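One structure is given below, encoded as structure tokens.
The values are calculated or read from the model by the stated rules, or taken from the named source; none is laboratory data. This one's a predicted model, so the numbers in the text were calculated from it and none came from an experiment. Here the Cβ is made from the backbone with ideal geometry for all residues, glycine too, and neighbour counts use every protein chain on show.
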Amino acid sequence: MTAAFPLLAEHIPALLVLVPLLASVIIPFSPAPLRRAGGAVAVLANAAALALASALALEVFRLGRVTYRFGGWAPPWGIEYAVDPLAAIMLLLVAFVSFAASVYSGAAASAEVAHERLPYYHSAALLLVSGLSGMIITGDVFNLYVFLEIASLAGYALIAAGRRRDALVAGFNYLILGTIAATFILLGIGYLYMAAGTLNIADLRERLPHIYHTRTVLTAFAFLMVGFSIKTALFPLHIWLPDAYTYAPSPASALLASTGTKVGVYAMLRVTYTVFRPEFDASVVPMKTILLVLSSAAVVYGAVMAIAQKDIKRMLAYSSVSQIGYIVLGAAIASESALTGSLLHMINHALMKASLFMCAGLMLISTGAEKVSDLKGAARRMPLTMAAFTAAALSMTGIPPTLGFVSKWHIALGAVEAGLWAVVPVVLAGSLLTAVYFWKVIEPAYFSAPAEGHKPDTPAPFWAAAPAAALAGLGLLLGLAAWTPAAGAARAAGELLLK
């Protein structure tokens, strides 16, 4: 670490993982009064993590890459944390969304999670944050796997925490596919170690170019890409996602949809741009072409499937398949403009999808609505919730001047710069289809009268509605001040491409 961090501040990278991890242990093993206050403990722990991530991001963008060596051992023998601009952005994104989700969960989780399970729900959510932060910050591929497993185990528990039996089935299905993905990733890491004799990411980057064409390295790359594609829910390996996001409690869906798959994409970027250099694609495996085809299909397929859904959360789940396609599409184009757009869309999707799932939960709490058809006249009955949903939907669609428009513009611009004109219609078609499935919700909510005989509404808690509205508003604010997030994303993209 740099000298700018005095005393304990020098250990910020370690504390980013340690604080939520310790809080996740404290909640279930505390006396009953503290267990009942698990939601407040989660908010405080996530607030601390957000403060740490903010300080670390400022340091990285001011002075450059930050490293932290455990026990003073230099890599490749010692374990290292490494934070470059991309990692700083991701750490800040995960910490911010997790803080908002913890505020929402503290007010709304009791509506969908049994009272006796609430302390364990908050504990699992913190464990997820710790695992995701570790995946982002580690400079070692084996520890990447370890943190992936921590985050995955927490994710399985969060999905299964719902009151409905379907949640258990969805959690079990995700466990099976998640285990398959983890096996692929672990095998890939094992083959990398066999080939290069090291697990440190920076060291692997220096050693691998000399052995790119060996079968061991090619096998390792294939295993890693398949494993992370499952974790990312990239079409056609997305089959675990619709049920998981539909039947999980809404607070869990908001957290997982906004952070889990984004960190999976981040890990994929680390493999393709940092462990393996960009020239690996040009000279060995045409991964760029493969990802372009799959991500383009994901954009269209996910949107078409979302249009066909009648359940609100299932529609949002298939929307995630489409939006993940946009993120991977920008990364596959591999130009600075497109990669900048990919990172901006990662930020946009994390913020907006968290808001949308929170709004879906508020609709359930207030009106009992689970189907699109249940939302007739909803804007009159819960105006703040529907305003937040509409604002988030506009940003997801890419309507100016939202952040979603800025991200899609950069992806399309990068495609044109790379001579990939066929990508532009995909970006436009995806946006039009996105507008269709969100209009299915907005139209009856604003332009239809409430159905006769609907049951009386229950007012949504303010501390549940506030995070949803704040996240949705942030999409517009970041779009209006687009030069700020775009500058950070462009710096991260440039360093990733030049490494």
Worksheet item: Which condition does Thr289 not pass, out of (1) under 19 Å from Leu329 (Cβ atoms); (2) modelled with pLDDT of 90 or more; (3) out of contact with any Gly (no Cβ under 6 Å at 6 or more places or on another chain), if it passes all the others?
Response: (2)
Practice prompt. Only residues in the stretch 330-345 that are part of a loop (DSSP other than H, G, I, E, B) count as the first member; pair them with residues that are not small (Gly, Ala, Ser), Cβ under 8 angstrom, at least 6 apart or cross-chain, and list the lot.
Written response: Ala334/Pro278; Ala334/Asp281; Ala334/Lys288; Ala334/Leu497; Ser335/Glu417
Worksheet item: Can Ala88 be described as assigned to a helix (DSSP H, G or I), over 25 Å from Ala460 (Cβ atoms) and in contact with a Gly (Cβ under 9 Å, 6 or more places away or on another chain)?
Response: yes
Response to the item:
Pairs returned, first residue in the stretch 73-90 that is surrounded by fewer than 22 Cβ atoms within 10 Å (Cβ to Cβ), second residue that is among the β-branched types (Val, Ile, Thr) and at pLDDT 70 or above, beta-carbon separation under 6 angstrom, 6 or more apart or interchain, are Pro76/Thr198; Ala82/Thr67
Worksheet entry | Sole residue being free of Cβ contacts under 8 Å to residues at least 60 places away in the same chain and over 30 Å from Thr67 (Cβ atoms), chosen from Pro242, Pro286, Pro249 | Pro286
Discussion item. Looking only at the stretch 233-245, filter to residues that are surrounded by fewer than 24 Cβ atoms within 10 Å (Cβ to Cβ) and not aromatic (Phe, Trp, Tyr); which one of those is nearest to Ile180 (Cα to Cα)?
Written reply: Leu237
Worksheet item: Taking the stretch 409-448, which residues are of a type in the set (Val, Ile, Thr), buried (at least 18 other Cβ atoms within 10 Å of the Cβ) and in contact (Cβ under 8 Å) with a residue 60 or more places away in the chain?
Response: Ile411, Val423, Val426, Val427, Thr434, Val441
Worksheet entry | Residue tally, condition in a helix (DSSP H, G or I), surrounded by fewer than 24 Cβ atoms within 10 Å (Cβ to Cβ), in contact with a Leu (Cβ under 8 Å, 6 or more places away or on another chain) and in contact (Cβ under 8 Å) with a residue 12 or more places away in the chain, over the stretch 94-122 | 3
Item to complete: For the stretch 183-204, state whether one or more residues are without any contact (Cβ under 8 Å) to a residue 24 or more places away in the chain, part of a helix (DSSP H, G or I) and within 16 Å of Thr272 (Cα to Cα).
Response: no
Discussion item. Residue pairs, Cβ under 8 Å, 6 or more apart or interchain, first in the stretch 211-226 and without any contact (Cβ under 8 Å) to a residue 40 or more places away in the chain, second outside any helix (DSSP H, G or I) and polar (S, T, N, Q). List them.
Written reply: none
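For (1) farther than 17 Å from Asp140 by Cα; (2) at pLDDT 90 or above; (3) β-branched (Val, Ile, Thr); (4) in contact with a His (Cβ under 7 Å, 6 or more places away or on another chain), each residue gets a yes or a no:
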site: Val169; (1), (2), (3), (4): yes, no, yes, no
site: Tyr174; (1), (2), (3), (4): yes, no, no, no
site: Ala182; (1), (2), (3), (4): no, yes, no, no
site: Leu186; (1), (2), (3), (4): no, yes, no, no
site: Ile201; (1), (2), (3), (4): no, no, yes, no
site: Phe235; (1), (2), (3), (4): yes, no, no, no
Worksheet item: If you check Gly361 against the conditions, is it buried (at least 24 other Cβ atoms within 10 Å of the Cβ), at negative phi and at pLDDT 90 or above?
Response: no
Worksheet item: Taking helices (runs of 4 or more DSSP H) that do not extend beyond the stretch 365-465, which have at least 1 residues that are modelled with pLDDT of 90 or more?
Response: 383-397, 403-417, 423-447
Worksheet item: Got at least one residue in the stretch 294-303 being closer than 24 Å to Leu362 by Cα, assigned to a helix (DSSP H, G or I) and of a type in the set (Val, Ile, Thr)?
Response: no
Worksheet, complete the sentence: A careful count of residues in the stretch 22-38 that are over 13 Å from Ser98 (Cβ atoms) and either part of a helix (DSSP H, G or I) or touching a Phe, Trp or Tyr at 6+ places or on another chain (Cβ under 7 Å) (or both) gives 10
Worksheet item: Being under 18 Å from the mean Cα position of the chain (by Cα) and not small (Gly, Ala, Ser), is that true of even one residue in the stretch 275-296?
Response: no
Worksheet item: Does Tyr120 satisfy being of a type in the set (Phe, Trp, Tyr) and under 24 Å from the mean Cα position of the chain (by Cα)?
Response: yes
Discussion item. Which of the numbered conditions does Val265 fail, given that it passes all the others? Conditions: (1) crowded, with 20+ Cβ neighbours inside 10 Å; (2) of a type outside the set (S, T, N, Q); (3) on the phi > 0 side of the Ramachandran plot.
Written reply: (3)
Fill in: Verdict on Leu269 being hydrophobic (A, V, I, L, M, F, W, C), part of a helix (DSSP H, G or I), more than 17 Å from the chain's Cα centre (by Cα) and closer than 21 Å to Ile185 by Cβ
no
Worksheet item: Taking the stretch 213-250 as the search range and keeping residues that are of a type outside the set (Val, Ile, Thr) and in contact with a strand residue (DSSP E or B) (Cβ under 8 Å, 6 or more places away or on another chain), which one is nearest to Val103 (Cα to Cα)?
Response: Pro249
Worksheet item: Residues Ala157, Ala108, Ala125, Ala161: which one is among the hydrophobic types (A, V, I, L, M, F, W, C), touching a strand residue (DSSP E or B) at 6+ places or on another chain (Cβ under 7 Å) and closer than 22 Å to Ala244 by Cα?
Response: Ala161
Worksheet entry | Candidates Arg35, Arg69 - the one that is out of contact with any helix residue (DSSP H, G or I) (no Cβ under 8 Å at 6 or more places or on another chain) and of a type outside the set (A, V, I, L, M, F, W, C) | Arg69
